[in-house]
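S.K.: Take a look at this one; I'll ask things after.
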């Protein structure tokens, strides 16, 4: 079923509800530390303003406990968006109040209004608790556009239920279109050989993706904390490294399936380990054969692994990467992730970054412009690769 496109909507003099993903990271002072998601919304917003629409923006920020939480207010985003857009951005503190409804109805073409954090309401995340919430949001606009790929894997009021109120008047924004196009290419027609790199700490969140990639990839690299569940099944001593004993049998089955299919699996051959989980912990390098002693834990891939992986990756035509290969938030254990990012940035392959912490590492290095595509949604990109569809995307289809 074809995804309806923003370009096919008549937006002239219409109020367009746009679900954006302004879930940006904030520091302890409440200042935005990475405005990538705001910048990614600009093409859709400029398109709407250039075509005579008024715009009402819907988003969430953080994880407020279904009540007003000043530390999760989107007001900081309205200020920064106005700077990026070079255009005034109004702000409404209560998305479903009568005052906000009147304010929306009074919007003139070219005006932009951002509503306060939708997750201040329990009905945003659990639509069945109050279906009227989505209905009230829908009443604020004439058309609905979902441009929030990062939340498209959630069946929330503003990402799924609200679309039902806009038959033939809903569409995917320009960012959503770009995300889906890039991931669809990975699913259907990647340039081969197709390599995937999966890292991060939890194997539980990645195992389903690994299984789905069996049908598509030629080579896979497994790093980060999730690697230790696989290494333990191969008999390695992993010390106090993070792992999931409940998934060891599934990890072993995955490795067996790769072997049967002729898929090359790269696991780390050496590690930087620490005597405790801290930025200033005592460290040493050990090999897989030596193992990690009790009381120590793996924190990053080692130099042998990095060199071998860099050489292997030079053979790829397509590379998908999700998740750091070490505890990169500690500078002492960021080398593996940073050098991998530099390697991929200089690659001639199609390079797709599947959101999440990998993006943070890339942005810290100033390498964002060196990749084919950087997804704005880590969880969403992984679920799309696993299932080929997402609730927020399916809701747009007629």
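The values are calculated or read from the model by the stated rules, or taken from the named source; none is laboratory data. On a predicted model such as this, the values are computed, not experimentally measured, just so you know. Heads up, the Cβs are rebuilt from the backbone with ideal geometry, glycines too, and the neighbour counts pull from every protein chain shown.
S.K.: For the subset of region 269-301 comprising residues that are within 13 Å of residue 231 (Cβ to Cβ) and free of Cβ contacts under 8 Å to residues at least 40 places away in the same chain, which member is surrounded by the fewest Cβ atoms within 10 Å (Cβ to Cβ)?
M.R.: Result: 289.
S.K.: Just give me the residues in region 157-174 being out of contact with any strand residue (DSSP E or B) (no Cβ under 7 Å at 6 or more places or on another chain) and crowded, with 24+ Cβ neighbours inside 10 Å, in sequence order.
M.R.: Scanning region 157-174 gives a single hit, 157.
S.K.: Would you check if there is a residue in region 21-32 being crowded, with 23+ Cβ neighbours inside 10 Å and assigned by TED's automatic domain parsing to the domain that holds residue 118?
M.R.: Within region 21-32 (the criterion being crowded, with 23+ Cβ neighbours inside 10 Å and assigned by TED's automatic domain parsing to the domain that holds residue 118), the answer is yes, since at least one residue qualifies.
S.K.: For region 305-344, which positions are assigned to a loop (DSSP other than H, G, I, E, B), surrounded by fewer than 23 Cβ atoms within 10 Å (Cβ to Cβ) and in contact with a helix residue (DSSP H, G or I) (Cβ under 9 Å, 6 or more places away or on another chain)?
M.R.: Residues satisfying the conditions are 314, 329, 334.
S.K.: From 134, 106, which residue is in contact with a helix residue (DSSP H, G or I) (Cβ under 7 Å, 6 or more places away or on another chain) and in the same structural domain as residue 59 (by TED's automatic domain parsing)?
M.R.: 134
S.K.: Within the set of pairs 6 or more residues apart or between chains, which connect a residue that is on the phi > 0 side of the Ramachandran plot and modelled with pLDDT of 95 or more inside region 98-118 to a residue that is surrounded by fewer than 20 Cβ atoms within 10 Å (Cβ to Cβ) and assigned to a helix (DSSP H, G or I) with Cβ atoms less than 8 Å apart?
M.R.: Note: pairs meeting the criteria are 110/49.
S.K.: Just to be sure I understand, how many residues within region 362-398 are in contact (Cβ under 8 Å) with a residue 60 or more places away in the chain, surrounded by fewer than 18 Cβ atoms within 10 Å (Cβ to Cβ) and part of a loop (DSSP other than H, G, I, E, B)?
M.R.: The qualifying residues number 4.
S.K.: Looking only at residues that are touching a strand residue (DSSP E or B) at 6+ places or on another chain (Cβ under 6 Å) and surrounded by fewer than 21 Cβ atoms within 10 Å (Cβ to Cβ) in region 90-102, which one is nearest to residue 160 (Cα to Cα)?
M.R.: Among residues in region 90-102 that are touching a strand residue (DSSP E or B) at 6+ places or on another chain (Cβ under 6 Å) and surrounded by fewer than 21 Cβ atoms within 10 Å (Cβ to Cβ), the one nearest to residue 160 (Cα to Cα) is 100.
S.K.: Inside region 191-217, can you point out the residues that are more than 19 Å from residue 258 (Cα to Cα) and in contact with a strand residue (DSSP E or B) (Cβ under 8 Å, 6 or more places away or on another chain)?
M.R.: 191, 200
S.K.: Got at least one residue in region 199-209 being touching a helix residue (DSSP H, G or I) at 6+ places or on another chain (Cβ under 7 Å), buried (at least 21 other Cβ atoms within 10 Å of the Cβ), outside any loop (DSSP other than H, G, I, E, B) and in the same structural domain as residue 313 (by TED's automatic domain parsing)?
M.R.: For region 199-209, residues touching a helix residue (DSSP H, G or I) at 6+ places or on another chain (Cβ under 7 Å), buried (at least 21 other Cβ atoms within 10 Å of the Cβ), outside any loop (DSSP other than H, G, I, E, B) and in the same structural domain as residue 313 (by TED's automatic domain parsing): absent.
S.K.: State all residues of region 259-268 that are touching a strand residue (DSSP E or B) at 6+ places or on another chain (Cβ under 7 Å) and surrounded by fewer than 18 Cβ atoms within 10 Å (Cβ to Cβ); if no residue qualifies, say none.
M.R.: Matches in region 259-268: 264, 265.
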